[in-house]
Amino acid sequence: MQEERKVQRAKISLMRNPKFALLSGVLMVGKTSVDDDTPTARTNGRDEFYGRAFVKELDDAELAFVIAHEAAHKMYRQLTTWRKLYEEDMSLANAACDYVVNLMLQDLDPSGTVISFPRYKSGPMRGKPMGLVDERFRGMNTKQVFDILKQEQQANGGGGSCGNGGGGDGLDQHDWDEAQGMTEQEKKDLERDIDQAIRQGIAAQKKAGNVAGGMDRELQELLEPKINWREVLREFVKATCRTKDASSWRRINRRLIASDIYMPSMIGQKVGHIVIGVDTSGSIGREELSKFLSEVKGIAEEVMPDTVDLLYWDTEVASHEEYNDNTVADIVNSTKPRGGGGTAPSCVTSYLKEKNIKPECVIMLTDGYVGSDWGGDWPAPTMWTIVGGNDAVAPNGKTIHIKD
């Protein structure tokens with residue numbers, strides 16, 4: 001049990017050190033195991049696993065770094081938040097996670113007196129540090145780092161240049177599949193536990209007077225209050241599009257009271273014409289599209305639109321599908337997305353004008369990477385639903401962010 005005690009001592013030492021107060025709560029989340037099968041270290045976003053031989057060859061500062069590294073993966077919830085990046089390119093996703101984590105750890109202990117990057121003990125890399133650190137990624141979240149690495153990979157003809165063949169640090173494994181295998185309840189419990197641990201760590205950090213480092217953009221995003229974007233979207237549609245097709249004595253028509261005439265007010269039971277513009281520029285994945293269209297179906301069933309024009313666009317409207325109150329229920333199964341080019345929302349406003357389409361509201365789904373092109377003048381109230389973590393806000397209409 002010598003290696004188990006070594007790991008336990010290192011964790012306790014980190015939790016007691018004011019420099020690492022931020023990680024103090026996260027270090028207690030999940031189970032910690034030492035085994036003979038793990039080559040180095042790994043985490044599934046909740047539990048930590050350390051290879052016995054690896055632990056044995058590390059000095060105290062190196063082991064402390066590895067433990068803090070695994071805790072940081074858990075704190076950022078990277079293996080659940082950024083699953084899509086892994087599905088797109090496993091190597092780049094691993095590297096992006098490590099760049100964010102290691103820069104944060106470097107900030108917590110700039111002098112390297114408590115933690116230090118483990119060094120390769122043998123082979124051609126012997127003596128070199130395992131960690132990936134690059135100052136140009138400061139202030140970025142995992143997705144932003146991933147995008148830069150991918151652009152560089154494409155510019156290099158598909159080759160990676162982010163260390164170890166693009167696979168990440170080399171000091172640990174990211175168990176994406178085991179993280180994905182958690183039940184929905186386990187994921188919810190983990191999210192709650194990590195959120196509480198982060199807030200506990202921040203409080204401990206402030207109490208220790210050590211507020212430098214750690215509170216980067218990605219961590220702040222995790223602590224932002226979450227809104228129910230589905231409810232916001234529904235209310236937007238109902239508020240902007242509801243027709244007056246039924247009367248009710250529950251609300252008297254105030255315009256006629258002055259004439260001593262008492263009549264019921266008209267109330268809305270359904271909506272009229274909705275346009276939905278879906279960004280298919282290549283950055284919107286099939287899963288996001290499926291989730292959004294499922295929500296569109298739910299909205300349509302609730303507010304009963306007369307007409308839904310579904311537009312797929314990139315730098316032009318690539319496809320136009322029309323649905324009515326009888327066919328909208330099958331929208332998820334029948335739709336056929338088109339596109340894959342650049343991103344220019346103005347193509348939608350031009351198309352609406354060209355085709356003389358005059359909806360009661362427009363719902364735009366995009367990742368928000370549109371530069372200065374937000375479509376110009378829209379013919380109706382517009383709701384921008386931005387997916388993927390981009391915090392852009394449209395200069396026109398209403399903006400909600402879907403970070404689920």
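Values quoted throughout were computed directly from the atomic coordinates according to the rules given, and no laboratory measurement underlies them. Bear in mind the structure is a predicted one, so any value in this text is a computation, not a measurement. Here the Cβ is made from the backbone with ideal geometry for all residues, glycine too, and neighbour counts use every protein chain on show.
Output ³J(HN,Hα) for the range 14-24: one whole-Hz value per residue in order, computed from phi by the Karplus curve 6.51 cos²θ - 1.76 cosθ + 1.60 with θ = phi - 60°, and x for Gly and Pro.
5, 5, 8, 8, x, 4, 10, 4, 4, 8, 4
Compute the projected area of the convex hull of the Cα atoms of the range 90-148, averaged over all viewing directions, and report it in nm² to one decimal place.
Reported value for the Cα convex hull: 4.8 nm².
Could you grab the Rg to Rh ratio for the range 2-223? Cα atoms only, Kirkwood for Rh.
0.94
Any chance you could check the Cα centroid distance between the range 1-31 and the range 309-354 for me, in angstrom?
Between the Cα centres of the range 1-31 and the range 309-354 lies a distance of 52 Å.
Skipping prolines and chain starts, which residues have an amide H placed within reach, meaning under 5 Å, of the one on Ser319, given they are 5 or more residues away or on another chain?
Tyr312
Give the calculated FRET efficiency between Val232 and Met1 to the nearest 0.05, with a Förster radius of 51 Å applied to their Cβ-Cβ distance.
Efficiency, from the Cβ-Cβ distance: 0.45.
Taking 0.36 nm per residue of sequence separation and subtracting the Cα-Cα distance, how much length would be gained by fully extending the chain between Ala392 and Lys207, in nm to one decimal?
Length gained between Ala392 and Lys207: 63.2 nm.
Convert each backbone phi in the range 345-362 into a coupling constant with the Karplus relation 6.51 cos²θ - 1.76 cosθ + 1.60 (shift: θ = phi - 60°), then list the ³J(HN,Hα) values in order as whole Hz, x for Gly and Pro.
So the J values, rounded to whole Hz, are x, 4, 5, 6, 5, 5, 5, 4, 5, 4, 8, 6, 8, 10, x, 7, 7, 10.
Once fully extended, how much extra length lies between Met90 and Thr327, figured as 0.36 nm per residue of separation less the alpha-carbon to alpha-carbon distance?
81.4 nm
Residues with amide H under 5 Å of Thr399's amide H, sequence separation 5 or more or different chain, H placed in the peptide plane at 1.01 Å from N; which?
Placed amide hydrogens put Trp384 under 5 Å from Thr399.
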